[in-house]
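Have a look at the structure below, then the notes.
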Amino acid sequence: MPIVNLGRLTTVSISDVWKSEAHDFTPWLAQSDNLKLLCDILGIEELIDVRREDPVGRFRVDIVAREQDGGTIVIENQFGKTDHGHLGQIMTYLAGQQGPVTVVWIAERFNEEHRAVIDWLNANTDDEYAFFAVEVEVLRIGSSEPAPWFNVVAKPNIWSRTVRVRSAEGEGGELATRHQQRMAYWAAFSEYLQANNSEFRIRRACKDHWFEFPTGRSGSVISATISVERYKRIGVELYNHGDVTKGIFDRLLAQKPEIEAEIGTPLEWQRLDGKKATRIALFKTGEDPSDPEEWPRQHAWMMAQMVRFKRTFSPRLLAMPAPDLSNGAKAEISEHEDII
């Protein structure tokens, strides 16, 4: 058997690639291809509305962006080892945001006490907040071009958060039991998605009967659903929020034969007239989401349908013109209409 010659992996000094964090590294990271590299490692969907040096009081955040589901991403960069000053800035930035926020602190090296702070924040803050500690380095094999490498040293643990919320709600009562079942289901589905290298990610504990994943178009999501109370079923759907979604639904309905051929089965087309939403759904009946022994099979079906839905609907949604808001219509997020 021939001997394979392998290269040697070497580390390149950060300052040899980026002279300055503020003037070189942050602008580099804010470029879409480089930001996508970081997002892929963190399991974050594609970001929109990326802004550099965004003001928060008298401070400025290195990078602020939004996720497709409306959550905010705050990125703070630091050369060298982490320090208390940057930790204080991060907490100041966090206080200046509204709604779900994901904080990404990037440095060359994390002191143990700062990594422990990130773990503590993930364990003790509301599940709308997520914190990542990421070390950045530059690697080279032989005489190759240097390549960036992001190493996640601390991240949210959706399972531990599920257990914490479950304990806080208590063990008794119909509402608490229902929420516990849902949180356990989504936590297990999160682990399944990661184990199967899925493009879809669940990073927050969820006690709703649905979990939404972005399609690439604001206001349109792929929603995975479970039903224990009224029905015994699981489902995947394209769910459109807001006042302007009837036009989206009608455009898709005109392509019904082609869409159902691509999905591979008939779908339920629900225009939901009188409501600020539309739904195109596929349900699998006779399923019990409260039975953990059934979860692996259910998760496999659900992930497969989510892939088909995104492959089928996302290109069509992205090809549609932007919504016309000239008559005062608002593309606002509404409650997920509950038919489950």
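The values are calculated or read from the model by the stated rules, or taken from the named source; none is laboratory data. Fair warning: this is a prediction, and the values are worked out from it, not measured in the lab. Cβ atoms come from the backbone with ideal geometry, glycine included; neighbour counts cover every protein chain shown. The accessibility values were calculated without ligands, DNA or RNA, using every heavy atom of the protein model including side chains. Shrake-Rupley method; radii C 1.70, N 1.55, O 1.52, S 1.80 Å.
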Between Val152 and Ser32, what is the spin-label point distance in nm, taking each point 7 Å from the Cα along the Cα→C-beta axis? 2.4 nm
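About the Cα centre, and with charges only on the beta carbon of Lys, Arg (+1) and Asp, Glu (-1), how big is the dipole of the chain? Nearest 20 debye, please.
On the way: 40 positive and 51 negative charges, 86 e Å.
Computed charge dipole of the chain: roughly 420 debye.
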C-alpha long axis of helix 32-42 to longest principal axis of the chain, angle in °: 80 degrees
For region 287-297, 3J(HN,Hα) per residue [Karplus equation, 6.51 cos²θ - 1.76 cosθ + 1.60, θ = phi - 60°, Hz, x = Gly/Pro]: 10, 10, x, 8, 9, x, 5, 8, 4, x, 5
Given the peptides 283-292, 205-214, 148-157, 3-12, arrange them by the average over their residues of other C-beta atoms within 10 Å, most packed first. 205-214, 148-157, 283-292, 3-12
FRET efficiency for Lys275 and Leu253, using Cβ-Cβ distance with R0 set to 25 Å, rounded to 0.05: 0.95
Yeah, region 22-123 with a ≥ b ≥ c from its alpha-carbon gyration tensor (a/c under 1.5 is rounded, else prolate when a/b outruns b/c, oblate otherwise) is rounded
Once neighbouring chains are kept in place and the probe is 1.4 Å, which whole percent of the accessible area of the chain is contributed by carbon and sulfur? 51 percent
So which GluC sites (Glu not before Pro) in region 224-259 pass both tests, a DSSP loop state and at most 12 other Cβ atoms within 10 Å of the Cβ? Glu229
Would you list Tyr93, Tyr192 from the most to the least accessible area, probe 1.4 Å? Tyr192, Tyr93
Roughly how much of Val117 is accessible, in Å² to the nearest 10, using a 1.4 Å probe? 50 Å²
What does DSSP give for the chain in terms of the percent of beta bridges that are antiparallel, rounded to the nearest 5? 75 percent
Tell me the accessible surface of Ile263 in square angstrom (1.4 angstrom probe, heavy atoms of protein chains only), to the nearest ten. 10 Å²
Taking amide H atoms as placed 1.01 Å from N in the peptide plane, list the residues 5 or more away in sequence, or in a different chain, whose amide H sits under 5 Å from that of Val61. Asp54, Val56
